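See structure below.
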Amino acid sequence: MLETTTKASELASREYNYTQADFEKTKKLIYDHAGISLSDSKQNMVYSRLARRLRVHGLKSFKEYLNLLEKANATEWQEFVNALTTNLTSFFRENHHFPILEQHLKTCKKPQPVNTQDASDLSDYLQKRRNLNKIHLWCSASSTGEEPYSMAIAAIRAFNSFTPPVHILASDVDTQVLRKAEEGVYSLDRVEKIPQSVLKEFFYKGKGRNEGSVRVRDEVRELVTFRKINLLEEFWSIRGPFQAIFCRNVMIYFDKQTQYKILKKFAPLLDEGGLLFAGHSESLQFASDIFRLRSNTVYEVANKKG
Ligand SMILES: C[S@@+](CC[C@H](N)C(=O)[O-])C[C@H]1O[C@@H](n2cnc3c(N)ncnc32)[C@H](O)[C@@H]1O
């Protein structure tokens, strides 16, 4: 009771009017749009993240903002989603996955040639030609790019070449992080844990105006294509098969029902022997009919031969 009273007074003392009902409505909207389940402990986070949007629109209350949102165009909806996603990531996060990916790339089945005759136009044809005979990987919640670029470095190491036959599709629901990811520019504190030798090999050091930052080397960036994909959506505009899917530290934001639906859609997109990499706290045991554990948080399709 005391806690409820404290919370109510906290809510009342804010710059913008923000009620329990506003929080409940926000929870429902972000769940419906991105599958993100916000716990009650996220009340303050929601306030501080969305207050920026109220400022932009010159509004006084969350109620006004939520009313505006309901009539808003896709741009404001995207801002809403961007504001409420949590994008924490780092290079070589959960480091043990990268040697496993490297080894997998060395041994996995090489891709079948793609039929280019069914290409709809010249750019489609060229895209198909470019991706011919490539191993495809998907990083399905790529955030600001550290994860897909770490995958690209693993691919370069696996083939001992800066032009490995690998293509990485990197996607996220948050368009702001995708823009940052595409730039491939990071401040020095984002790369401080990367060994100097790796930094030298795969990054350019900023000079002059760019002092204090690094940029991912062109050959690494060229292996990755970024695209907005909402994992919650019924239809993903992608084609497999993938030799590996990274889906790390995003399932924790979804309820089990949503997780199960997504896992069911991942399975047919994986090639024979393909691997699904999950985050350290994301056990897929509840979906053992779809995926079985292969090694530490690495899974394979339960009913396909490995
Ligand atoms: C905590 S980050 C994890 C990033 C990276 N996978 C890692 O492990 O370091 C979670 C990412 O999932 C994205 N995300 C949240 N909901 C999503 C959805 N419905 N579809 C696609 N991406 C989503 C967020 O925008 C965020 O960038």
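What value in Å³ per residue do you get for the convex hull of the alpha-carbon atoms in the chain?
Numbers: hull volume 53.6 nm³, N = 306.
Measuring per residue, one finds 175 Å³ for the Cα hull of the chain.
Give me Rg over Rh for segment 2-84, both radii from the alpha carbons and Rh done the Kirkwood way, two decimal places. Write down the numbers at each step before the final one.
On the way: Rg = 12.3 Å, Rh = 13.0 Å.
Across segment 2-84, the Cα-based Rg/Rh ratio is 0.95.
Would you mind telling me the antiparallel percentage of the DSSP bridges in the chain, rounded to 5?
Numbers: 13 of 32 bridges.
DSSP beta bridges in the chain are roughly 40 percent antiparallel.
What is the chain's relative contact order, in percent, from Cα pairs under 8 angstrom and six or more apart in sequence? Don't skip to the end; give the middle numbers.
On the way: 446 pairs, mean separation 47.7, N = 306.
Across the chain, relative contact order equals 16 percent.
Which ordering of ILE229, ILE135, ILE168 is given by a fewest-first count of other beta-carbon atoms within 10 Å? Please report the intermediate quantities before stating the final value.
On the way: ILE229 20, ILE135 23, ILE168 26.
Fewest to most other Cβ atoms nearby, the residues stand as ILE229, ILE135, ILE168.
Taking every pair of distinct Cα atoms and averaging 1/r, then inverting, what Kirkwood hydrodynamic radius in Å comes out for segment 191-306?
Numbers: mean 1/r = 0.0603 Å⁻¹.
Over segment 191-306, the inverse of the mean reciprocal pair distance is 16.6 Å.
Could you tell me which helices of the chain pass both thresholds, a Cα extent of 18 Å or more along their own axis and a mean Kyte-Doolittle hydropathy of at least 1.6, with helices taken as whole DSSP H runs? Write out the running numbers ahead of the final one.
On the way: long enough: 20-34 (21 Å, -1.08); 43-57 (21 Å, -0.71); 146-159 (20 Å, 0.41).
Qualifying helices, which must be both long enough and hydrophobic enough, do not occur.
Okay, helix-only estimate at 222 nm for the chain: each DSSP H run of n ≥ 4 adds -39500 (n - 2.57), divide by all residues, round to 500 deg cm²/dmol; what do you get? Walk me through the numbers before you get to the answer.
Details: 12 runs with 127 residues, N = 306.
One gets -12500 deg cm²/dmol as the mean residue ellipticity at 222 nm.
Round to a whole angstrom and tell me the spacing of the C-alpha centers of segment 226-242 and segment 127-188.
15
Using Cα springs under 10 Å in a Gaussian network model of the chain, which residue among ILE194, ILE100, ILE30 shows the largest mean-square fluctuation?
ILE194
Work from the charge dipole of the chain (Cβ charges, +1 for Lys and Arg, -1 for Asp and Glu, about the Cα centre) and give the residue of PRO148, VAL250, VAL220 farthest towards its positive end.
So the residue furthest toward the plus end is VAL220.
For segment 97-301, build the charge dipole from Cβ charges (+1 Lys, Arg; -1 Asp, Glu) around the Cα centre, then report which of PRO268, VAL173, GLY206 sits farthest towards its positive end.
GLY206
Show me the chymotrypsin sites (Phe, Trp or Tyr not before Pro) within segment 183-263 that DSSP assigns to loop and that have at most 11 other Cβ atoms within 10 Å of their Cβ. Kindly include the intermediate steps, with their values, before the conclusion.
Details: sites: TYR186, PHE202, PHE203, TYR204, PHE226, PHE235, TRP236, PHE242, PHE246, TYR253, PHE254, TYR260; in loops: PHE235, TRP236, PHE254.
Those satisfying the criteria are PHE235.
Readers should treat all values here as calculations from the given coordinates under stated rules, not as data from a laboratory. This is a predicted model, so every value here is computed, not measured. Positions of Cβ are generated from backbone atoms using ideal geometry, with glycine treated the same way; all protein chains shown enter the neighbour counts.
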